[in-house]
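The values are calculated or read from the model by the stated rules, or taken from the named source; none is laboratory data. Small disclaimer: the values here were computed from a predicted structure and weren't measured. Ideal geometry is used to build each Cβ from the backbone, glycine not excepted, and the neighbour counts take in all protein chains shown. We work out accessible area using only protein heavy atoms, side chains counted, and drop any ligands, DNA or RNA first. Shrake-Rupley method; radii C 1.70, N 1.55, O 1.52, S 1.80 Å.
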Amino acid sequence: MLKSVERILDKPLALVMVVITAILALPVCVWLDLRNLSDQNLTSQANTLNAVISIFRTYYARNIVDRVVAAGGKATPLNAYHAVSGGIPVPATLSIELGQEIRARQKEVEYSFVSHYPFLNREPYRLSPFEEEALATFEASGDPAARVIDVSGNFLTRQIAVATPLVMEQACVNCHNTHPDSPKTDWKVGDVRGLQVFRVRQPLALNLWAFKWLMTYMIAAGACGLMVAAVQFRKAKRFEALSQELETKNAFLSRVSDGISKYIPLQVFHSIFSGTKPTEISTDRKKLTIFFSDIKDFTATADRLQPEDLTVILNEYFTEMSTIAEAYGATIDKFIGDAIVAFFGDPTSRGVAEDAKACVAMAIAMQKRLGELEAYWRKRGVEHPFKARIGINTGICNVGNFGSKSRMDYTIIGKEANLAARLEQIAEPGGIVLSYETYALVREDVSAEPMQPVRFKGIGRDVVPYRVIMLGQATETGPSLSRRMPGMTVEIDPDRLGESGRAEAVRTLQDALAIVSRPKTG
């Protein structure tokens, strides 16, 4: 059964037909039930009215016609009519006794005639709160057409009470103002004598069964809903199993891709997985900014450390430098021993000038971070912490996938890459050396000074390197001075001192010179 329902739900046309049928069936069922409800209510009202008329006819025949006939056609309207031959009930008495007859013989309808001023020979009647409120309302308004309605009942039965005022007419005024049993003798035409209350009650079950078509529809719809829910539950279980399987595979692929991302440049990784980078042997000629760095005297430093300590420190170095490179958007080509090769301009580029500026800014950030790590490594017992040399060049290179169909390497080749490596070799520990091509692109953002022209092996021209001036380096051509050595640190930037600061700096340097010039004692 569920499989049949599932096949129907899987067919869009069949599902649409089922929905249309359900939508059209609802108003039809509602119309049939409304007609059935109307028939039941009309039948109930007809039965009730028939019963009331029958009660009235019986009362009229017994208390009026029979008494008039027995008195030879003589009729006398009286309050206490039973004791007098030919006596017939006055309207108030008729209303009271008729209400008693209806209450005794008819359960669905109740009629009451109540007043604050009953005749003295009548049994007292205790007004309900609803009757008290309605009578007060009528006496205050004096409107003969007024109505007060009260709806009450419980879970099984509902009741509606309708109260209307009884207004004194001239005949009523004449009777009441002269009758010896009347408790009030100053009535006027239009006064509210009392009220009459009609109460109609009906069990809810009578109307409940009138909605047989709608109930049938709801039962059918509920059954269909349960079947659909069961089908959806089965599908949900299958989807859950597929989802778990897919999640497992995704987790596996995530671990694999995360592992792969550690072996290839991050930009290339994203390009491959997004489909924008071909995975075949192909190269392009682009103008790149190439970065080379290595650690000065790495072999000597390695000899002083245990292999385990060296591994930890070297990995810390590469981690810190890679984090900075990623932040500046560099493509890390490879790690060669203690050296780092990176470039800007592929697979993404912000423009040749911006790539060069980002590369130089990255190099400065790396040297600054190494200065911070130096103190950290010394505290851990490293006597000669790493000091890096950096060379940067901008030029046309071949960049892309090199290798075979089964094994490729994404890298760069060309003499411009070789020049960056040569510039790194002449840099001082903690220094950065630029080619003129790179310096020309960053000269407005970075302070640098030219070095002596150099003829490098494999480069068919003299190259004028430019040394980047950074905090912590000495320069004789620039306006600032920064020197560090054991027992002394000097950093001077005249542009930041101001006039008053310059005078204070002069006094400080004179005091320092006096201290250094003192003969050593002891």
Can you pull out the residues in the stretch 214-237 that are in contact (Cβ under 8 Å) with a residue 60 or more places away in the chain, over 24 Å from L34 (Cβ atoms) and either not hydrophobic (A, V, I, L, M, F, W, C) or not in a helix (DSSP H, G or I) (or both)? R234, K235
Looking for something modelled with pLDDT of 75 or more, surrounded by 10 or more Cβ atoms within 10 Å (Cβ to Cβ) and under 30 Å from I332 (Cα atoms) - is there at least one such residue anywhere in the stretch 203-221? no
Report the residue count in the stretch 320-371 for those that are within 19 Å of V468 (Cα to Cα) and open to solvent by 60 Å² or more (accessible area, probe 1.4 Å). 5
Suppose we keep only residues that are open to solvent by 80 Å² or more (accessible area, probe 1.4 Å) and assigned to a loop (DSSP other than H, G, I, E, B) within the stretch 168-190. Which one would you say is farthest from I149 (Cα to Cα)? P180
Could you check how many residues of the stretch 50-69 are hydroxyl-bearing (S, T, Y) and exposed (fewer than 14 other Cβ atoms within 10 Å of the Cβ)? 2
Can you name the residue in the stretch 470-504 that is assigned to a loop (DSSP other than H, G, I, E, B) and open to solvent by less than 60 Å² (accessible area, probe 1.4 Å) and is also modelled with the highest pLDDT among such residues? M470
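Can you name every residue in the stretch 342-357 that is without any contact (Cβ under 8 Å) to a residue 60 or more places away in the chain and not basic (K, R)?
Once the filter is applied, which keeps residues that are without any contact (Cβ under 8 Å) to a residue 60 or more places away in the chain and not basic (K, R), the stretch 342-357 yields A342, F344, G345, G351, E354.
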Do you know which of the residues in the stretch 124-156 that are aromatic (F, W, Y) and closer than 25 Å to T93 by Cβ is least open to solvent (accessible area, probe 1.4 Å)? F138
Restricting attention to the stretch 372-384, and to residues there that are outside any loop (DSSP other than H, G, I, E, B) and aliphatic (A, V, I, L, M), which single residue is most open to solvent (accessible area, probe 1.4 Å)? A375
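I'd like to check something: does the stretch 191-204 contain any residue that is closer than 30 Å to A25 by Cα and assigned to a helix (DSSP H, G or I)?
Taking the stretch 191-204 and keeping what is closer than 30 Å to A25 by Cα, we get 202-204.
Imposing the further condition that a residue be assigned to a helix (DSSP H, G or I) reduces the set to 204.
For the stretch 191-204, residues closer than 30 Å to A25 by Cα and assigned to a helix (DSSP H, G or I): present.
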Scan of the stretch 138-167 for residues that are out of contact with any Leu (no Cβ under 9 Å at 6 or more places or on another chain) and either of a type in the set (G, A, S) or assigned to a helix (DSSP H, G or I) (or both), ordered by number: E139, A140, S141, G142, A145, A146, S152, A161
Residues that are open to solvent by 30 Å² or more (accessible area, probe 1.4 Å): list the strands (runs of 3 or more DSSP E) wholly contained in the stretch 398-469 that include at least 3 such residues. 408-413
Of E131, E110, E123, the only residue that is charged (D, E, K, R) and free of Cβ contacts under 8 Å to residues at least 12 places away in the same chain is E123
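Residue by residue through the stretch 142-197, note down the ones that are of a type in the set (A, V, I, L, M) and more than 60 Å from the chain's Cα centre (by Cα).
L166, V167, M168, A171, V173, V189, V192, L195
Test T301 against the stated conditions and say whether it is under 39 Å from the mean Cα position of the chain (by Cα) and in a helix (DSSP H, G or I).
On the way: under 39 Å from the mean Cα position of the chain (by Cα): no; in a helix (DSSP H, G or I): yes.
When the stated conditions are applied, T301 does not pass them.
Within the stretch 40-49, can one find any residue that is assigned to a helix (DSSP H, G or I) and surrounded by 16 or more Cβ atoms within 10 Å (Cβ to Cβ)? I'd like the intermediate steps shown before the answer.
Taking the stretch 40-49 first, the residues assigned to a helix (DSSP H, G or I) are 40-49.
Now drop any that are not surrounded by 16 or more Cβ atoms within 10 Å (Cβ to Cβ), which leaves 48.
Taking every residue of the stretch 40-49 in turn, at least one turns out to be assigned to a helix (DSSP H, G or I) and surrounded by 16 or more Cβ atoms within 10 Å (Cβ to Cβ).
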